[in-house]
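> One structure, as structure tokens, below. Some questions next.
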């Protein structure tokens with residue numbers, strides 16, 4: 001499990017589109033499950049507050065939970081629970097439910113808040129918003145994201161030069 005003060009893995013930040021950005025990343029089960037719908041609605045209702053603090057909000061669900069959410073929050077599918085496993089998010093209810101967990105990160109990807117509560121989905125929003133308020137103001141540094149993207153590039157292979 002990732003704790004406050006640790007960095008989220010670069011692969012998770014990249015998949016979520018949060019590299020070099022302040023963000024709230026919340027994991028939930030299904031678009032149409034009652035408690036998941038409450039959590040999505042609560043994040044939607046506070047989206048302007050997150051935006052005002054320069055914090056991007058991204059929801060992550062598993063493939064089976066994709067039921068056609070078409071709201072204002074960016075939602076991505078965690079194929080095969082790869083992101084959950086990389087973050088060591090524990091399943092709830094005897095392994096039947098994917099863990100409901102929320103991370104808030106600063107621009108460097110350092111975790112400033114972790115919240116896990118399967119039964120109070122709205123608490124994820126209040127906790128994340130409080131953590132977002134503690135983040136320093138300021139625009140993200142576009143050069144950090146650019147440098148990170150460049151570091152993953154490999155130079156092209158050049159043909160061998162022949163000659164006399």
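> List the strands (runs of 3 or more DSSP E) inside segment 21-80, counting only whole elements, that have at least 3 residues being modelled with pLDDT of 90 or more, crowded, with 17+ Cβ neighbours inside 10 Å and in contact with a strand residue (DSSP E or B) (Cβ under 7 Å, 6 or more places away or on another chain).
Counting at least 3 such residues, we get 22-27, 55-62.
> OK, next. Looking at segment 90-112, which of its residues are touching a helix residue (DSSP H, G or I) at 6+ places or on another chain (Cβ under 8 Å) and modelled with pLDDT under 90?
98, 99, 100, 101, listed by residue number.
> Going through segment 110-123 one residue at a time, which ones are farther than 21 Å from residue 9 by Cα and surrounded by 19 or more Cβ atoms within 10 Å (Cβ to Cβ)?
121 - this is the single residue of segment 110-123 that is farther than 21 Å from residue 9 by Cα and surrounded by 19 or more Cβ atoms within 10 Å (Cβ to Cβ).
> Could I ask something else about it? Any residue in segment 1-24 that's closer than 14 Å to residue 83 by Cα: show its pairings with residues that are in a helix (DSSP H, G or I) at Cβ separation under 7 Å, as long as the two are six or more apart or on different chains.
Listed pairs, sorted by first residue: 2/87; 9/86; 11/86; 12/83; 12/86; 12/87; 15/83.
> Is it the case, given these coordinates, that residue 3 is in contact with a strand residue (DSSP E or B) (Cβ under 9 Å, 6 or more places away or on another chain) and either part of a loop (DSSP other than H, G, I, E, B) or modelled with pLDDT under 95 (or both)?
Working: in contact with a strand residue (DSSP E or B) (Cβ under 9 Å, 6 or more places away or on another chain): yes; either part of a loop (DSSP other than H, G, I, E, B) or modelled with pLDDT under 95 (or both): yes.
Yes; evaluated as a whole, the condition is true for this residue.
The values are calculated or read from the model by the stated rules, or taken from the named source; none is laboratory data. Keep in mind that this is a model prediction, so the values were computed, not measured. Methodologically, a virtual Cβ is constructed for each residue, glycine included, from the backbone with ideal geometry; neighbour enumeration extends over all protein chains shown.
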